């Protein structure tokens, strides 16, 4: 072993105590006998000890509370819940066997069940058609008062949700479209105000937001994987989420700019 | 990250049952631990705060996938590793350029004798530490993450592999590459005794 010096990888392994017990013992004996390797190890040890000085600044006990305030603003709107547990693709042999047994039972019941199912489907189709033909009730006109700061808060939440949305989870994606539609009216108003008052930064960001909200709202058939990916790329390339966050925290008119909006907006 | 207490489990159940505010308890309990990790990985406070926030947001969205027998601290820690990795990847090019400029030995003129861990070297260790932080910026996002987890967070290869979703051997090789790069950067500051 004297002629076979330890390589750097082995020395690093030794330093971090990652070597297997037997290997570690052999390496330790080699270091005792080989001055060259021992020096290499000391140098490595010295360098790595010197590099270990990146200490994080201490955060006080109130940090968690402040962080929660930041997180809470960006959480999905009230009434939402964390997404449902996805189905596992590989859940073990017993699941396969259960599936096979289930298939056998289903096959035995297929003839009878198929008839019942066919009948039920027919009833369902009739019910759906009837519901579609029913004239929609006229919506009550709604007027809401919107504060710019609230509008930006809610827009930020939507953008965060869009950023992490999974198009395959329809239950989560559908409400995003509704939320975009709800924000659109107020966004128009605030954008027009910003243009008139010469607040170029706000006008520009709200204009981008407007395009995005419109795109989401007008997407035929709702958001699917392709359209969601496109929206996420646009958001990312335009840095929209960042701009909205900055405006939410810095814009001087966020608490004073108020608009009355009909049929939508942030209440 | 100790064992997840009963209170974490109870809180998670409350959140999953629709009590959004209960999530605040988890945020308050684990924020400081995540901040330390995020700071070590990103190297600045603002980015670390963003990483912590993003981690808890992702955690909330994925909470239903959390296995009840698992440790929430470990789980959210792994999410934070990925968030920090994303943050590092997004700024990697800019920082790599800065490091090249800032650690130019001719520009800084700092030289450290390569004479083993003797007194001179120990005296200068604080300076090396600062330059070491700069050297960290020269690593790829993956290397920096692996190095921080191994060297500063004292995680073993299996834990690093799990956090990064890579094979243990890949994790080990990544740590090794990172160590090599860090030492090369430090080597330019030395003169032979």
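Read the figures in this text as sums done on the coordinates, not as results from a lab. Quick caveat, the model's predicted, so the values are computed rather than measured. All Cβ positions, even for glycine, are placed from backbone atoms using ideal geometry, and neighbour counts span all protein chains on display.
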Query raised in the report: What would the Debye formula give as log10 I(q)/I(0) at q = 0.18, 0.27, 0.35 Å⁻¹ for the alpha-carbon point model of segment A:200-242, no solvent?
Result: -0.52, -0.96, -1.23
Report task. May I ask you to order A:231-239, A:210-218, B:48-56, A:177-185 by the average number of other C-beta atoms within 10 Å around their residues, highest value first? Result -> B:48-56, A:177-185, A:210-218, A:231-239
Report task. Tell me the label-point distance for the pair residue B:64, residue A:127, using the 7 Å Cα-to-Cβ offset, in nm and rounded to one decimal. Result -> 2.4 nm
**Report entry** Cα-projected label distance for residue A:226 with residue A:73, points at 7 Å along beta-carbon direction, nm
**Finding:** 3.7 nm
Query raised in the report: When the scattering of segment A:8-47 is computed by the Debye formula from its Cα atoms alone, each counted once and equally, what is log10 I(q)/I(0) at q = 0.23, 0.29 Å⁻¹?
Result: -0.68, -1.04
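Report the FRET efficiency, 1/(1 + (r/R0)^6), for residue A:177 and residue A:61, where r is their Cβ-Cβ distance and R0 is 35 Å, rounded to 0.05.
Numbers: r = 41 Å, r/R0 = 1.18.
Once the sixth-power term is evaluated, E becomes 0.25.
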**Report entry** Spread of Cα-to-Cα distances over 5 Å intervals beginning at zero, given as percent, for segment A:141-262
**Finding:** 2, 11, 23, 25, 18, 12, 7, 2, 0
Query raised in the report: With each pseudo-label sitting 7 Å past Cα toward Cβ, what's the residue B:184-residue B:169 distance in nm, one decimal?
Result: 2.3 nm
**Report entry** Label point at residue A:24 placed 7 Å out along Cα→Cβ; residues across segment B:131-174 whose backbone nitrogen lies under 13 Å
**Finding:** B:156-157
Requested in this report: Whole Å is fine, so just give me how far the alpha carbon centre of segment A:220-246 lies from that of segment B:51-84.
Outcome: 23 Å
Report summary line: Mean separation of Cα contacts under 8 Å (at least 6 apart) over the residue count of segment A:141-262, i.e. the relative contact order in percent, is 48 percent
